[in-house]
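The structure appears right after this line, and notes come after that.
The values are calculated or read from the model by the stated rules, or taken from the named source; none is laboratory data. Remember, it's a predicted structure, so these values are computed and weren't measured experimentally. Virtual Cβ from ideal backbone geometry, glycine too; neighbours counted across all protein chains shown.
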Amino acid sequence: MMDKLFLDTNVVLDLLGERELFYDAAAKIATLADKGKVILSVSALSYSTVYYLLSKFEDKEVVKEKLRKFKLIAETSDLTDKIIDKGLSSKFTDFEDALQYYCAIKMDCNILITRNEKDFKASAIPVMTPDEYLKSISHK
């Protein structure tokens, strides 16, 4: 079975913002998706957050182009009333993390990729950093 990975917003920021220390692992995961070896999913919420943050440092049109290219390799989970309700009534301490988690569940992802593992203690699916995920598949 092919891994279906849900990328938390921080990983998308690492990739599209080419954030030092974190970019390489995020880029390797994106390459796996581009080659059809994994399926990537993200929340619709991530697009607005990434645009907002990156456009503070880069030209807005450049950021939009990065998002367009990223969208080619990632499926998008809609942010529905049901997901918002689940997030509001969840045990997650951070509402945004709850929304990300329930989007991952909706998309049938089998691994959630984030740099903030501690924020997903309530997760019923495995949570890994990009580096941990890459190490896990290098042993297969």
Here are the criteria: (1) of a type outside the set (A, V, I, L, M, F, W, C); (2) surrounded by fewer than 20 Cβ atoms within 10 Å (Cβ to Cβ); (3) out of contact with any Leu (no Cβ under 9 Å at 6 or more places or on another chain); (4) not in a loop (DSSP other than H, G, I, E, B). Tell me which single one K86 does not satisfy. (3)
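Conditions tested, residue by residue: (1) in contact (Cβ under 8 Å) with a residue 12 or more places away in the chain; (2) surrounded by fewer than 18 Cβ atoms within 10 Å (Cβ to Cβ).
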site	(1), (2)
D8	yes, no
D24	no, yes
T31	no, yes
L53	yes, yes
Sort out which residues of region 70-81 are surrounded by 13 or more Cβ atoms within 10 Å (Cβ to Cβ) and within 20 Å of T31 (Cβ to Cβ), and write them in order of number. F70, I73, A74, E75, T76
Please enumerate the residues belonging to region 88-128 that are out of contact with any strand residue (DSSP E or B) (no Cβ under 7 Å at 6 or more places or on another chain) and farther than 22 Å from S48 by Cα. S89, S90, K91, K118, K121, A122, A124
All but one of (1) exposed (fewer than 13 other Cβ atoms within 10 Å of the Cβ); (2) without any contact (Cβ under 8 Å) to a residue 40 or more places away in the chain; (3) of a type outside the set (K, R) hold for F57; state the number of the condition that does not hold. (2)
Are there any helices (runs of 4 or more DSSP H) wholly within region 10-72 with 2 or more residues that are under 21 Å from T129 (Cα atoms), under 12 Å from the mean Cα position of the chain (by Cα) and among the aliphatic types (A, V, I, L, M), and if so which? 23-34, 44-54
Does region 71-87 hold any residues that are in contact with a strand residue (DSSP E or B) (Cβ under 6 Å, 6 or more places away or on another chain) and acidic (D, E), and which are they? E75
Checked region 105-130 for anything assigned to a helix (DSSP H, G or I) and in contact with a Lys or Arg (Cβ under 9 Å, 6 or more places away or on another chain); matches are I105, K106, P130
Residues of region 76-92 satisfying the condition of being closer than 12 Å to K106 by Cα, out of contact with any Lys or Arg (no Cβ under 7 Å at 6 or more places or on another chain) and polar (S, T, N, Q): T76, T80
Taking the residues in region 91-130 that are surrounded by fewer than 15 Cβ atoms within 10 Å (Cβ to Cβ) and among the acidic types (D, E) as candidates, determine which candidate is modelled with the highest pLDDT. D108
Just need a number here: residues in region 88-119 that are free of Cβ contacts under 8 Å to residues at least 60 places away in the same chain and hydrophobic (A, V, I, L, M, F, W, C). 6
